[in-house]
Amino acid sequence: MTVGFTAKTLEQIKLFASLPQTPISLKKMTQFGRVPSPGTLIRASQFMRDELQIRLAHRVVELENLPHGLSEMNSVKKVKQWYTQSFHDLISFPHPSVSRVPADFVLQNNTELNGNEGQEYYDPLKTTALIPQSVLEYNQNFSKLLEKIKNRHDPVVSTIAQGVVDIKNVWKKSKKFSSTQQLPLEIQSFLDRFYMSRIGIRMLIGQHVAISKASFDHNSVPENYVGIICTKTPLMQVVQDAAENAKFICNDYYGLWGGPEVKFIGKENITQDFCYVPSHLHHMVFELLKNSLRAVVERYGIDCEDFPDIKIVFAEGKEDITIKISDEGGGIPRSGLPLIWSYMYTTAENPLLEEDFSKNDFKAPLAG
């Protein structure tokens with residue numbers, strides 16, 4: 001099991017890993033409003049403390065028991081240490097009753113028996129009484145802890161990716177799998193679950209930190225935002241910003257004065273704003289455009305004076321909005337089609353990571 005932690009912590013991880021995770025919808029997150037009250041926030045903090053322990057414990061146990069030797073890779077062990085440390089930090093964080101928080105502000109729930117069953121993330125406290133200083137301090141301290149955990153986990157994607165690259169090299173030497181073979185289904189499924197879980201954990205942390213800051217400083221809240229969620233997401237602005245960012249990185253990386261242009265089609269027909277997380281949309285569009293820009297530049301060469309445009313097509317339906325990104329970068333060979341959803345597939349020439357790898361590096365690991 002994970003080294004450097006007490007037997008009690010490891011037993012607690014096993015216990016919390018047996019508890020069910022509680023789904024939290026975007027709608028539930030927006031119920032706090034732009035500026036949540038400290039009383040409502042402290043109840044959400046208690047829910048979050050318990051929920052994150054459960055989610056982190058599930059991941060620690062899974063990281064400990066991966067098939068085909070993946071758990072033995074140093075990069076995977078490092079990630080497991082981070083998750084265990086974060087679990088330890090949360091379970092060591094004092095209960096509100098220890099922090100002189102009045103009983104009215106404390107959730108009555110025994111997490112170690114049933115998780116967050118029967119509890120809600122949004123559980124407004126209806127009181128007109130003066131909020132004690134102990135409540136404000138608890139909220140601030142918990143928010144600081146979440147920021148610390150979020151920063152600790154920033155390199156998780158690249159570190160797990162390095163673990164996959166490392167196990168691939170081990171397989172090559174042992175000739176266990178061919179270099180062109182897809183990842184074993186068990187590992188592919190694990191990576192799907194792990195990355196989906198990470199998105200959920202970071203969404204919860206990011207949202208809670210943001211609404212905490214809004215509660216501390218009422219003037220810091222942008223219009224139409226509840227935490228990191230925008231109730232009227234400006235689709236075109238987000239996509240255009242992502243395109244400009246991707247073009248800048250492409251031109252800088254290849255030393256271009258005028259790289260491929262991005263052309264927007266159908267943008268004038270988009271009339272609806274919608275509830276979403278703009279940073280998530282920006283990241284998805286940015287990563288796809290980054291791949292398109294690289295493919296076009298490498299197909300036509302850096303000396304090309306007239307790169308074909310990359311097209312972003314918008315189509316608004318009755319229930320959804322579709323964004324299509326197309327390029328003339330040569331596509332994917334037919335032989336590669338069965339592999340495109342594998343985490344081992346890449347069209348970049350070398351997916352190895354450096355020690356100081358940046359999550360915004362142009363040549364992202366395992367990028368398609």
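The values are calculated or read from the model by the stated rules, or taken from the named source; none is laboratory data. This one's a predicted model, so the numbers in the text were calculated from it and none came from an experiment. Neighbour counts are summed over all protein chains in view; Cβ atoms, including those assigned to glycine, are modelled from backbone coordinates with ideal geometry.
Please tell me if MET73 is hydrophobic (A, V, I, L, M, F, W, C), in contact with a Gly (Cβ under 7 Å, 6 or more places away or on another chain) and surrounded by 15 or more Cβ atoms within 10 Å (Cβ to Cβ). So that I can check it myself, show each step before the final result.
On the way: hydrophobic (A, V, I, L, M, F, W, C): yes; in contact with a Gly (Cβ under 7 Å, 6 or more places away or on another chain): yes; surrounded by 15 or more Cβ atoms within 10 Å (Cβ to Cβ): yes.
Judged against the criteria, MET73 is a match.
Please work out which residue is farthest from PHE216 (Cα to Cα), limiting yourself to the range 22-49 and to residues that are within 20 Å of the chain's Cα centre (by Cα) and either without any contact (Cβ under 8 Å) to a residue 24 or more places away in the chain or surrounded by fewer than 17 Cβ atoms within 10 Å (Cβ to Cβ) (or both).
Applying the filter and picking the extreme gives PRO23.
Could you please tell me which pairs satisfy a Cβ distance under 9 Å, a separation of 6+ or placement on different chains, a first residue in the range 172-192 that is more than 15 Å from LEU339 (Cβ to Cβ), and a second residue that is at pLDDT below 85 and exposed (fewer than 15 other Cβ atoms within 10 Å of the Cβ)?
The qualifying pairs are LYS172/SER178; LYS172/SER179.
For the range 332-342, state whether one or more residues are basic (Lys, Arg), farther than 26 Å from LEU235 by Cα, out of contact with any Lys or Arg (no Cβ under 8 Å at 6 or more places or on another chain) and modelled with pLDDT under 90. Show your work before the answer.
Going residue by residue through the range 332-342, those that are basic (Lys, Arg) are 334.
Subset that is farther than 26 Å from LEU235 by Cα: 334.
Right, trim to out of contact with any Lys or Arg (no Cβ under 8 Å at 6 or more places or on another chain) and you get 334.
Add one more test, that the residue is modelled with pLDDT under 90, and what stays is 334.
There is at least one residue in the range 332-342 that is basic (Lys, Arg), farther than 26 Å from LEU235 by Cα, out of contact with any Lys or Arg (no Cβ under 8 Å at 6 or more places or on another chain) and modelled with pLDDT under 90.
For ILE302, are the conditions met, namely being touching a residue at least 12 places away in the same chain (Cβ under 8 Å), assigned to a helix (DSSP H, G or I) and on the phi < 0 side of the Ramachandran plot? Talk me through it step by step, then tell me what you get.
Working: touching a residue at least 12 places away in the same chain (Cβ under 8 Å): yes; assigned to a helix (DSSP H, G or I): no; on the phi < 0 side of the Ramachandran plot: yes.
Considered against the rule, which asks whether it is touching a residue at least 12 places away in the same chain (Cβ under 8 Å), assigned to a helix (DSSP H, G or I) and on the phi < 0 side of the Ramachandran plot, ILE302 comes out as no.
Considering only the range 246-263, state which residues are closer than 26 Å to ILE228 by Cα and loosely packed, with under 15 Cβ neighbours inside 10 Å. Write out each step before concluding.
Initial filter on the range 246-263 (closer than 26 Å to ILE228 by Cα): 246-249.
PHE248, the sole residue that qualifies.
Quick check on the range 239-257. Is at least one of its residues small (Gly, Ala, Ser), under 30 Å from GLU51 (Cα atoms) and either modelled with pLDDT of 90 or more or over 21 Å from the mean Cα position of the chain (by Cα) (or both)? Steps first, please.
Quick first cut of the range 239-257, residues small (Gly, Ala, Ser) only: 242-243, 246, 255.
Of the ones still in play, those that are also under 30 Å from GLU51 (Cα atoms) are none.
The answer is no; no qualifying residue exists.
Tell me which residues, restricted to the range 215-249, are among the aromatic types (Phe, Trp, Tyr) and part of a helix (DSSP H, G or I).
Kept after step one, since they are among the aromatic types (Phe, Trp, Tyr), are these residues of the range 215-249: 216, 225, 248.
Passing the criteria: PHE216, PHE248.
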